[in-house]
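S.K.: For reference, the structure I am asking about is given below.
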Amino acid sequence: NKIAVKVHMDHIGSLTLKLENSTNGGSNWVTTVANTKVNEWEVLEFDASLPSIEAPFAPASGYTYTRVVLFFDFGTGGTGTDVTSYFDDIVA
């Protein structure tokens, strides 16, 4: 029920993970996790057993998905300053 993504960000922000295109009836699932480290790698963990933050608010556990979408700082207004964010090693 956990999905881990390694991130490297030059600021405190967040990573939003979305699972799409379930092959066995699951709804699209979205959740956001904040990072706590700046300029170093950190593993962010997403709990697929929790409800999605978007309707229909169902958990993703028990379903198979074909697409993972990542959004850095989703829904956050720009500051006019360039930021750099990296990801690696998505593990379910």
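S.K.: Can you work out which of the residues in the range 39-50 that are in a loop (DSSP other than H, G, I, E, B) and not charged (D, E, K, R) is farthest from V91 (Cα to Cα)?
M.R.: In this case the residue turns out to be N39.
S.K.: Okay, next question. Mind checking which residues of the range 13-31 are β-branched (V, I, T) and open to solvent by less than 60 Å² (accessible area, probe 1.4 Å)?
M.R.: Passing the criteria: T16, V30, T31.
S.K.: On to the next question. Would a scan of the range 19-35 turn up a residue that is assigned to a loop (DSSP other than H, G, I, E, B), in contact with an Asp or Glu (Cβ under 7 Å, 6 or more places away or on another chain) and on the phi < 0 side of the Ramachandran plot?
M.R.: Scanning the range 19-35, I find at least one residue that is assigned to a loop (DSSP other than H, G, I, E, B), in contact with an Asp or Glu (Cβ under 7 Å, 6 or more places away or on another chain) and on the phi < 0 side of the Ramachandran plot, so the answer is yes.
S.K.: Let me ask you something else. When you scan the range 51-83, how many residues do you find that are in a loop (DSSP other than H, G, I, E, B), in contact with a strand residue (DSSP E or B) (Cβ under 6 Å, 6 or more places away or on another chain), among the hydrophobic types (A, V, I, L, M, F, W, C) and open to solvent by less than 80 Å² (accessible area, probe 1.4 Å)?
M.R.: Total satisfying the criteria: 1.
S.K.: Shifting gears a bit: Taking interchain pairs and intrachain pairs at least six residues apart, which have beta carbon atoms under 7 angstrom, with the first residue in the range 62-82 and of a type outside the set (A, V, I, L, M) and at pLDDT 95 or above and the second in a loop (DSSP other than H, G, I, E, B) and open to solvent by 70 Å² or more (accessible area, probe 1.4 Å)?
M.R.: Sorted first by the residue in the range 62-82, then by its partner, the pairs are Y63/N24; T64/T23; T64/N24; T66/T23.
S.K.: Further question on the same structure: Tell me, which residue of the range 67-92 that is in contact with an Asp or Glu (Cβ under 9 Å, 6 or more places away or on another chain) and aliphatic (A, V, I, L, M) is nearest to G13 (Cα to Cα)?
M.R.: The qualifying residue nearest to G13 (Cα to Cα) is V83.
The values are calculated or read from the model by the stated rules, or taken from the named source; none is laboratory data. A quick note: this is a predicted structure, and the numbers were derived from the prediction, not measured. For neighbour counting, all protein chains shown are included, and Cβ atoms are generated from backbone atoms with ideal geometry for every residue, glycine included. Please note that ligands, DNA and RNA were not included when accessible areas were found on the heavy atoms of the full protein model with its side chains. Shrake-Rupley method; radii C 1.70, N 1.55, O 1.52, S 1.80 Å.
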